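The values are calculated or read from the model by the stated rules, or taken from the named source; none is laboratory data. Remember, predicted model here, so these are calculated numbers, not experimental data. Cβ coordinates were reconstructed from backbone atoms using ideal geometry, including for glycine residues, and neighbour counts include every protein chain displayed. Each accessible area value is taken on the protein alone, full model and side chains, heavy atoms only, with ligands, DNA and RNA left out. Shrake-Rupley method; radii C 1.70, N 1.55, O 1.52, S 1.80 Å.
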Amino acid sequence: MSQIFVNIKELLQVRNSYERKVCGAQMNELPSIKNAYLWVENGLIKDYGSMDTVPEIAIEQIDCTERLIFPTWCDSHTHLVFGDTREDEFVDRINGLTYEEIANKGGGILNSAKKLESITEDELYEKSLSRLQQAISTGTGAIEIKSGYGLSVEGELKLLRVIKRLKESSEIPIKATFLGAHAIPTAYKSNPEDYIDLIINKMLPVIAREELADFIDVFCEKGYFSPSQMDRILKAGKAYGLIPKVHVNQFNSIGGIESAIQNYALSVDHLEVLTDAEIDSLANSDTIPVALPLCSLFLSIPYAPARKIIDKGLPLAIASDFNPGSAPSSNLNLAVSLACIKMNMSPEEAINALTLNGAFAMNLATEVGSITQGKKANFIITEPIKNYHLLPYSFGSSNIESVYINGAKQE
Ligand code: NIG
Ligand code: FE
């Protein structure tokens, strides 16, 4: 099947295939073609260019006068598979409790783990599928999904098997992350090393055998897992071929970044609390920082220092962190706005962080994240708008007219 999108007011994020991520000052550049065409064949981008050179071919034409086209958002950090929402904790926070206080009284991640026990794999799959469809409808065209609400052998496998089913049924690329080390279950509070043994000796071998995960994650934080515990878990995961991609520096800087870099982590995510020395260490590594502004907004905690990160020459990706506790939204259009409004990023930097760099942060930069020959035809057509500055400016709405996945319009 072949289609050509013509008279595109501006085709954004056009890149050569060797461009896998953008760093520092390059993040402020968003290559584009005005008055463009985009040719799609068999779900892939076949070609694109200026309307002056549009090929004369007898295929379906879609007129995009006054509209912009850009690649779908790439969400490199989500916890989309969970049992139920946690709005009671949200009200507790409005009434003055902190995220930490709620966790200490059995809420938080442990609350989600409890909710997961009573739900069947089929129910979990159906709920998660509808959340995934919702994310796609708001412009997400590739996604990473973590386990981490099981915290037992059966629970973690249930989550990862659901993610695998989503992978097999979904039109968009999905990467799976094993996050057994998301919290220490109550039964192991006095002997956390036993829980780590369970992760290493009972969970990882099955996950590897059933090919249930691409990445391994640890929540490295006071009261959760220390840098040395994270090191042990990441090394065990790496022995099974899982690539580290971790939660660090959300509330405290406790050495997680050093440990992540030493383990060649693909990404370090959260970074709401980040020292200058940690930024320097990241600058000397291949690990990409990932900021999660929807979590900062929802928990009223600091935003990752995007300006410092980019001004030091680093790449930055942004993701939703979609989860029932700290970011119950998968809407990346709001993340683009927050990047500009709260993190002082330019629209170009924000769009790069949510497309090409998002794809890089989940090892998908050869498939999605830019308008590039041979990549998936996953893109967004805007409503008639003046220019792309309207994307962050229109916070709370999206300017999206339609979303195309593998060249097919999503209804
Ligand atoms: O990335 N911080 C750790 N994990 C999640 C939140 C988990 C939850 O509250 O359910 C996060 O913010
Ligand atoms: Fe997270």
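Residues with beta-carbon under 10 Å from that of LEU80, excluding LEU80: net charge, scoring Lys, Arg +1 and Asp, Glu -1? It works out to a net charge of +1. Remark: accessible surface ordering of ARG165, ARG86 (largest first) is ARG165, ARG86, probe radius 1.4 Å.
As a test of reading the structure, rank SER137, SER2, SER320 by solvent-accessible area (1.4 Å probe, protein chains only), most first. Mind showing how you got there, number by number?
Numbers: SER137 65, SER2 25, SER320 0 Å².
Correct descending sequence by accessible area is SER137, SER2, SER320.
With the dipole of segment 74-360 worked out from charges on the C-beta (+1 for Lys and Arg, -1 for Asp and Glu) around the Cα centre, which of LEU332, GLY141, VAL273 lies farthest toward the positive end? Among LEU332, GLY141, VAL273, the one farthest towards the positive end of the dipole of segment 74-360 is GLY141. Shape analysis of segment 260-368 places it in the rounded category; the axes a ≥ b ≥ c from the Cα gyration tensor give an a/c below 1.5. Using Cα centres only, tell me the gap between segment 311-390 and segment 215-265 in whole Å. Between the Cα centres of segment 311-390 and segment 215-265 lies a distance of 25 Å.
Counting only DSSP H runs of at least 4 residues, each contributing -39500 (n - 2.57), and dividing by the residue count of the chain, the helix-based mean residue ellipticity at 222 nm comes to -9500 deg cm²/dmol. Using a cutoff of 8 angstrom between alpha carbon atoms and counting only pairs six or more residues apart, the relative contact order for the chain works out to 22 percent. Principal axis extents of the C-alpha atoms in segment 157-196 (largest first, rounded to whole Å): 44, 14, 11. Computed with every protein chain present, the accessible area of THR366 is close to 90 Å² [probe 1.4 Å].
Heavy-atom accessible area for LEU297, with the other protein chains in place and a 1.4 Å probe, reaches approximately 90 Å². In the chain, what % of DSSP beta bridges are antiparallel (nearest 5)? For the chain, the DSSP antiparallel bridge percentage is about 45. For segment 74-360, the Stokes-Einstein estimate of translational diffusion at 4 °C and a viscosity of 1.567 mPa s comes to 69 µm²/s, using the Kirkwood hydrodynamic radius over alpha-carbon pairs.
Quick one: putting +1 on the C-beta of Lys and Arg, -1 on the C-beta of Asp and Glu, what dipole do you get for the chain around its Cα centre, in Debye to the nearest 20?
Values: 37 positive and 52 negative charges, 59 e Å.
The dipole magnitude comes to about 280 debye.
Highest mean packing comes first when the peptides 378-384, 43-49 are listed by Cβ atoms within 10 Å, giving 378-384, 43-49.
Projecting the Cα atoms of VAL54, VAL206, ASN284 onto the dipole axis of the chain, where Lys and Arg carry +1 and Asp and Glu carry -1 at the beta carbon, places ASN284 farthest toward the positive end.
Step through the table entries LYS9/LYS245; LYS114/LYS222; LYS127/LYS376; LYS164/LYS342; LYS245/LYS308, compare each Cα-Cα distance with 31 Å, and write down the pairs that go over it.
On the way: LYS9/LYS245 38 Å; LYS114/LYS222 22 Å; LYS127/LYS376 26 Å; LYS164/LYS342 35 Å; LYS245/LYS308 22 Å.
From the list (LYS9/LYS245; LYS114/LYS222; LYS127/LYS376; LYS164/LYS342; LYS245/LYS308), the Cα-Cα distance tops 31 Å for LYS9/LYS245; LYS164/LYS342.
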